[in-house]
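Asks: First the structure, then my questions, so here it is.
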C-alpha cells in the first residue's frame, strides 16, 4: 500500500511540474511586449520583388527578410486603393461606411473615448510613432488617434516630388506648398525623400526610451507616383531593361476602359523599388546594430497592388502585376494581393509559403493579441495561431466591395468579391455580370468557370450579398 501511495505521489509531482511549465510557457507567449516595426510600402505589387519572381527589380534586403520571416502567399489588401486600404489596416475593419466605400473621404473616430489599436498599445506601456504616408486626415489626426510622435505624416497621397526641393514639380518649374510636413526642415540640395524619411525613422529608434517598447509604423510614400529616382540608378536600370529579352510578351493588353501593362520595363520605377529596398536594409541593420533584432517584430507589406492599369487617360504606368491580372483599382488579384512578411526571431518559425488567407485588417488585432490580449471586436482577427503553426486558414472566407468606379484613371468599374478557400467570385453588380475562378489553379483569373459551376456560383453570390446587406 505504501508503495502505491509513493507511486501516486510521484505521478502528482510530475503532473504538477508539467502543468507549471505549460503555465509559464503560456504566460510568456501571451504577455510579451517586443518592439514592433511595421514597414508599409505604397503601390508595391506582389511580384515587384526579386524574391517573388521579378527579373528586373533587385530587392536583396527584402528577399533576406523574407527568408527569415513567415511569408504569406495569400495575403490581401482590403481594397485596391490607398485610403480605404489604410483605413482597414488602422481600424481592423472592412472599409465600408454607410453602405459605400468613400475611396478618399474616410473619417476616423478620433474622439477621446474611442478605443483603437494605437491607444491600446499606449495603455500597454508602448511608445507609439508614425512616419510617412498617413492619408487619413491632417497631422492632428495622428495625435488624436494615439500616436505620441509623427514625422513627415500628413493627409497627402503623394509628395509633389521625391527630389529636393520636395515642393517643386520637376520639369514644370511650378512651386506649391509641400504637403509633407517636417521634411523641409531637415533636408538639403541633393536629398531624396525616401532617404530623408528612413534616416528619421532610424533616429527615432536609436533615441527611443530603452525602458519601454516601441511600436513604430513607417509608411513609404514610394513607390507611388511621381516616378522619380536618382539619376545614376535610372541610367543603370535603363541599360539593364534595354538588354532584357521580354520575348513575345506584349507591353499592353486591353482591360476595362483602358489597358493593363504587361512588362516591368520602367527604369524610374525599377530604381525606386531598389532604393526602397536599400532603405529597408538600413532599417534592419539598425535593429542588429542596437542588439534589439531578436526582441523586435518586423512586418513588411504593401497597401495594394502595383499601378499597372489606366483608363481613358492613358497615364504613365509603373509596373505589371503579371502573372496576376490587372492592378491598382481592380478586385482581380493584381489589385489586392500583397506581400506580407512577419518576422520574430526565436518565436515564429520562418517559412516562405504559408497559404493561409490573411487580410491587412488582421495585422493590428494580431499585434495586440501578442502584447496585451486585448480584443477590440473588429472584423479583422488575430492570426497568431497561424504564426505559431497551430492553425491553417486556407479555407477562410473574405470579402471586398468597391463602390466607386474610375474609368478614366484605372479603367475599373463597380464590383464586389468573395474568396472562399480555392474559389473567388467577382460580381460586377452594375453590369449584372459575375465571374468565378479557381484562384489556386488559375492565379491569373483567365478562365471564368461560373457557367460550368452554377450551384457554386449562386452559393458564393448569395453569401456575398448577405455580407453586403449587413452594411
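Asks: Kindly indicate whether residue 389 is more than 27 Å from residue 258 (Cβ to Cβ) and assigned by the TED database to the domain that holds residue 297. Talk me through it step by step, then tell me what you get.
Replies: On the way: more than 27 Å from residue 258 (Cβ to Cβ): yes; assigned by the TED database to the domain that holds residue 297: yes.
It is true that residue 389 is more than 27 Å from residue 258 (Cβ to Cβ) and assigned by the TED database to the domain that holds residue 297.
Asks: Can you spot a residue in the range 123-141 that is part of a helix (DSSP H, G or I), over 19 Å from the mean Cα position of the chain (by Cα) and buried (at least 17 other Cβ atoms within 10 Å of the Cβ)?
Replies: Checking the range 123-141: at least one residue is part of a helix (DSSP H, G or I), over 19 Å from the mean Cα position of the chain (by Cα) and buried (at least 17 other Cβ atoms within 10 Å of the Cβ).
Asks: How many of the residues making up the range 279-292 are touching a residue at least 12 places away in the same chain (Cβ under 8 Å), part of a helix (DSSP H, G or I) and surrounded by fewer than 18 Cβ atoms within 10 Å (Cβ to Cβ)?
Replies: Within the range 279-292, the subset touching a residue at least 12 places away in the same chain (Cβ under 8 Å) is 279-284, 286-287, 290, 292.
Of the ones still in play, those that are also part of a helix (DSSP H, G or I) are 279-284, 286-287.
Then keep just the ones that are surrounded by fewer than 18 Cβ atoms within 10 Å (Cβ to Cβ); that gives 281-282.
Result for the range 279-292: 2.
Asks: Moving on. So, restricting to strands (runs of 3 or more DSSP E) that lie completely within the range 176-266, which ones have at least 3 residues that are touching a helix residue (DSSP H, G or I) at 6+ places or on another chain (Cβ under 9 Å) and touching a residue at least 24 places away in the same chain (Cβ under 8 Å)?
Replies: Correct list: 214-219.
Asks: Give me the pairs: first residue in the range 61-81 and closer than 30 Å to residue 412 by Cα and in the same structural domain as residue 348 (by the TED database), second residue at pLDDT below 95 and part of a strand (DSSP E or B), beta-carbon distance under 6 Å, and six or more apart or on different chains, which are they?
Replies: 71/352; 73/353
Asks: Okay, moving on. Got a sec? Which of 165, 159 is assigned to a loop (DSSP other than H, G, I, E, B) and in contact with a helix residue (DSSP H, G or I) (Cβ under 7 Å, 6 or more places away or on another chain)? Break it down stepwise before answering.
Replies: Numbers: 165 fails: in contact with a helix residue (DSSP H, G or I) (Cβ under 7 Å, 6 or more places away or on another chain).
None of the others qualify; the one that does is 159.
Asks: Going by what's in this entry, would residue 272 be described as buried (at least 19 other Cβ atoms within 10 Å of the Cβ), in the same structural domain as residue 309 (by the TED database) and touching a residue at least 24 places away in the same chain (Cβ under 8 Å)?
Replies: Working: buried (at least 19 other Cβ atoms within 10 Å of the Cβ): yes; in the same structural domain as residue 309 (by the TED database): yes; touching a residue at least 24 places away in the same chain (Cβ under 8 Å): yes.
It is true that residue 272 is buried (at least 19 other Cβ atoms within 10 Å of the Cβ), in the same structural domain as residue 309 (by the TED database) and touching a residue at least 24 places away in the same chain (Cβ under 8 Å).
Every residue, every condition in (1) assigned by the TED database to the domain that holds residue 321; (2) at pLDDT below 95; (3) farther than 21 Å from residue 76 by Cβ; (4) touching a strand residue (DSSP E or B) at 6+ places or on another chain (Cβ under 7 Å), yes or no:
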{"site": "431", "(1), (2), (3), (4)": "no, yes, yes, no"}
{"site": "437", "(1), (2), (3), (4)": "no, no, no, yes"}
{"site": "443", "(1), (2), (3), (4)": "no, no, no, no"}
{"site": "455", "(1), (2), (3), (4)": "no, no, yes, no"}
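Asks: Can you give me the number of residues within the range 394-404 that are under 20 Å from residue 429 (Cβ atoms), part of a loop (DSSP other than H, G, I, E, B) and either in contact with a strand residue (DSSP E or B) (Cβ under 6 Å, 6 or more places away or on another chain) or assigned by the TED database to the domain that holds residue 306 (or both)? Spell out how you get there, then give the answer.
Replies: First pass over the range 394-404, keeping only residues under 20 Å from residue 429 (Cβ atoms): 397-404.
Right, trim to part of a loop (DSSP other than H, G, I, E, B) and you get 403-404.
Subset that is either in contact with a strand residue (DSSP E or B) (Cβ under 6 Å, 6 or more places away or on another chain) or assigned by the TED database to the domain that holds residue 306 (or both): 403.
Selection size over the range 394-404: 1.
Asks: Step by step: first the residues of the range 142-156, then only those that are touching a helix residue (DSSP H, G or I) at 6+ places or on another chain (Cβ under 9 Å) and in a loop (DSSP other than H, G, I, E, B), then the one that is farthest from residue 197 (Cα to Cα). Which residue is that?
Replies: Going through the qualifying residues, I end up with 146.
Asks: Given 368, 352, 320, which one is over 14 Å from residue 80 (Cβ atoms) and part of a loop (DSSP other than H, G, I, E, B)?
Replies: On the way: 368 fails: part of a loop (DSSP other than H, G, I, E, B); 352 fails: part of a loop (DSSP other than H, G, I, E, B).
When all the criteria are applied, what remains is 320.
Asks: Does any residue of the range 97-104 turn out to be within 23 Å of residue 365 (Cα to Cα) and surrounded by 21 or more Cβ atoms within 10 Å (Cβ to Cβ)?
Replies: Yes: one or more hits.
The values are calculated or read from the model by the stated rules, or taken from the named source; none is laboratory data. Since the model is a prediction, treat every value here as computed from it, not as a measurement. Methodologically, a virtual Cβ is constructed for each residue, glycine included, from the backbone with ideal geometry; neighbour enumeration extends over all protein chains shown.
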